Structure formats: structure tokens, C-alpha cells
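Coordinate-derived values only; no laboratory data. Because the structure is predicted, anything quoted here is derived from the model rather than measured. When we count neighbours, we look across all protein chains shown, and the Cβ atoms used for this are built from the backbone with ideal geometry, even at glycine.
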Amino acid sequence: MGPEEFGLIGEKLGHSFSPAIHRQLGDYSYRLIELAPEELGPFLERGAFRGLNVTIPYKKAVIPYCGTLTAQAERIGSVNTIVKRPNGSLLGHNTDYDGFVWLLRAAGARVEGRKALVLGTGGASLTVRAVLQDLGAGEIVSISRSGPDNYQNLERHADAKILVNATPVGMYPKTGVSPVELSCFPQLEGVFDLIYNPAKTKLLLDAERRGLIFANGLGMLAAQAKAAAELFLQQDIPDERVEEIVQDMEKRTKNLLLVGMPGCGKSTVGRLLAQRLGRELADLDALIETRAGCTIPELFAQEGEEAFRRLEHTVLEETARRSGLVIATGGGVLTRAENWDPLRQNSTVIFLRRPVDQLPVQGRPVSQANDLEQLFRQRLPLYQRAADLEVDNRTPEDAAEEIIRRLSL
């Protein structure tokens, strides 16, 4: 690593969006630097770098190597930004504070006087507690696995109004799990998850179903990166850049997931979208056939629809947790309740419409076995409820162009 570079240090960094964000903040090199615990000290003492961001699990571990801590870092007891000064000593700061303030304000959260629960006791949770305290929250309770307030006695905090997840539970690739059941907290008003991949963890999907204010950690990541870049470069960066970066990252990382009736053109439109946007196409029916070792009509004939639906769910879970894909689904994917969270966690869902009398049935077991008009009436409310966007497929080319235009891709 050259002396003019910046980067992110952590133990495992494969999921990080940080390099893409820093590319938009300044003309400097920014790398991911994975370090084993025994490598941390030698790197900080002898590594060639101008500045670093710090993530799990080193936000506390780097403190002894910093010659000076800013007041903010010292108060919180956690460092996520390090600047090498001209004499070679390290200055430790905490820009996560700035990031979490931005997240709450952007979401419109009301904190003052409200009881808040913070899940986790690591470096990130210390920052969250400091921000909540400064914004006037009422009681602030940290939940840990083994402390006096833990996951076995959550009922004592049923009056919480703010919940913040500062643990990695639910983060890619181990998606679909939540650290707590929101039903334990009937008075909740806002739920915030510092995880940003997937875009909606199970915790946030549950919050969305409850109609609560919620936000993931992408805005916090971008806002803390801006504050870190200002330290790295010793210059101000306009606040508007944070929202611009968040919107850009969401466009680039969210999957485009197509739903609609069998034969409405999802695979064809998906192929065109993938080509024009330079993305990978994941056609679920094709993936299912590869996994099953036979065609879908053969799978239906040999094992029945239930076996197909189980395999469809498995393939959907594996595929939809990824980022930046174009995903073409089967026509009946929304008929199973267990598919809704995987569909919604990391995707913009697009309902592709086509007149029923133009839908082919050859090679489509469900379409052949049912009255198409009746099937359409049954499924239409599901497609409409799930969709972020509805597009008519007059021609595949027009449909693909309309999706690109309306999503500003």
C-alpha cells in the first residue's frame, strides 16, 4: 500500500460498499485491507497510509495505537477514522457519530424523551448511545447476550419507542434472521439497522409491515465517509453529496426483480435489461431446472407442484440476497408467503403486465391446468401489493427502456 493511499481495515470486508462511496467523494485511492488480529498492530505501526477507516472488530482495538484521540472518539471509546499526521503519529476520530445523526434526521425520527433500545455492545453501539444521549433520548438501554439486559428478558423493555440494531445479525450473506421479534415492543415508533446489505433486513421488513419509521445503515455509511474524507483531504464536502451518494448506491446495488403472470415476458425483458445495464441475469426457472436436473414440466409431472415450490423458494433465497442482479421470477412466486421477505430484502420489484389473451401456455404447467382469466384475477392483487413499479410489456424493448427511464438507471 503506497503512502498516498487510504483504506478500510477490518477482519472480513467482502461485503463493503466503502470503496465505491469514497470514489465519489474525492480523487484518491481507497482500498479494502483485511487484517487478522495479530496483523493489526504491526500494520498501524509500520503500514504506509495517509488515513484509514476502521470497522468490525477493531474500533476499540486501534485505540492504543493512536497517539491522540479527538474529544468525540475519547468520549465514545470507539475509533472508526484514523489520520496519519506529519510526524507519523496517529489521530483517532469517530465519524460514525456524524453518520448516525444524519441517519436519524433523514428518516425523520423523533428521539427526544423516548426510551431507546440499542442491540449490541460493540464499538458501533457506543456511538449510537452517544448520539441518542445528545439528541435527548430518555432511558437508553443496551441489550447484550449475557449482560443484565439481555435477549431473554426483553419483556421488561416493552415500552421502548426506538430500536437500533448495532449487531451483525441479519447481514449478508446470513440474511433472513432478526435479533429480536418486534412483537415484543408494541409502543415502537422507529427501527434503525446499521446493516446496509441487504437493504432491508428481516428486522426492517418487520418494521415496514408495522408501518414504523425505519432506515438501514447506508445513509450512515455515506455520511460518516463524507466526514472521514473531509479529515483525509482537509477540506469541506457539501452535505448534499450524502443523499446523492445514497441514491446512486441504491440504484447500483438493488436487484431489479420482475414479477408477473407466466408468459408475460419476464425472461425476455430481464435479458434486455441485463444487457443494457451490464448486469448479470438470474432467471429463477432456468436455475431451478439446473438444480433439479430436468425441465419444470418434468418436475411437475414427476414430483408435483409442492416439490417445485420448495425448490423455487430455496433458489429465490440464495439469489435474491445478492446485489445488482436482474432477476426474472416464476409467475407463482408471490403465492407463497415465505417468498415475500426474500423478494423485498434487496430488490426493486417490477410488475410486468401483459394482456391475458396474449399469454402463451405451452410448457407452462400452472397455466395449462387453470383458467388464465381466473388465475390472473387471483394473482393481480399480489403483484400490485409487492410491486414498486408497474410496467406494460407492449414490446420487450419498450418495457426495458421504460424501466431504465423510470428508475433513472
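Here are a few things to note about the model shown:
- In order through the range 13-19: 3J(HN,Hα) via Karplus (6.51 cos²θ - 1.76 cosθ + 1.60), integer Hz, x for Gly, Pro: 10, x, 8, 6, 8, 4, x
- Each residue of the range 101-112 was assigned a 3J(HN,Hα) from its phi angle through the Karplus curve 6.51 cos²θ - 1.76 cosθ + 1.60 (θ = phi - 60°); the sequence is 4, 4, 4, 5, 5, 5, 7, x, 6, 9, 10, 4 Hz, with glycine and proline shown as x.
- Gaussian network model of the chain, Cα within-10 Å springs - most flexible of 257, 204, 44: 44
- Within the range 249-270: backbone nitrogen closer than 16 Å to the residue 390 label point (7 Å, Cα to C-beta): 259-261
- Derived scalar couplings between HN and Hα for the range 220-233 equal 5, 4, 5, 5, 5, 5, 4, 5, 5, 4, 5, 5, 4, 9 Hz in order, rounded to whole Hz, by the Karplus curve 6.51 cos²θ - 1.76 cosθ + 1.60 (θ = phi - 60°), x for Gly and Pro.
- Helix axis angle, 305-320 relative to the chain longest principal axis, alpha carbon, degrees: 30 degrees
- The chain: most fluctuating residue of 267, 125, 16 per GNM, C-alpha cutoff 10 Å: 16
- Residue-averaged [θ]222 nm for the chain, counting only DSSP H segments that reach four residues, each worth -39500 (n - 2.57): -12000 deg cm²/dmol
- In degrees, nearest ten, helix 37-46 long axis to first principal axis of the chain (Cα): 50 degrees
- Largest GNM mean-square fluctuation across 38, 280, 289, computed for the chain with C-alpha springs under 10 Å, falls on 38.
- Remark on residue 214: its backbone amide H falls under 5 Å from those of 191, a criterion applied only to residues 5 or more positions apart or on other chains, H modelled at 1.01 Å from N.
- Per residue, the average separation of C-alpha pairs within less than 8 Å and at least 6 apart gives the range 98-216 a relative contact order of 24 percent.
- Between residue 255 and 324, 325, 347, 348, the built amide H atoms are under 5 Å apart, and every one of these is 5 or more places off in sequence or on another chain.
- Exposure proxy ranking for 65, 383, based on other Cβ atoms within 10 angstrom of each Cβ and starting from the fewest, stands as 65, 383.
- Here the spin labels are modelled as points 7 Å beyond Cα on the Cα-Cβ line, and at residue 356 and residue 303 they lie 3.1 nm apart.
- The mean sequence separation of alpha-carbon pairs under 8 Å and at least six residues apart, normalised by the residue count of the chain, gives a relative contact order of 12 percent.
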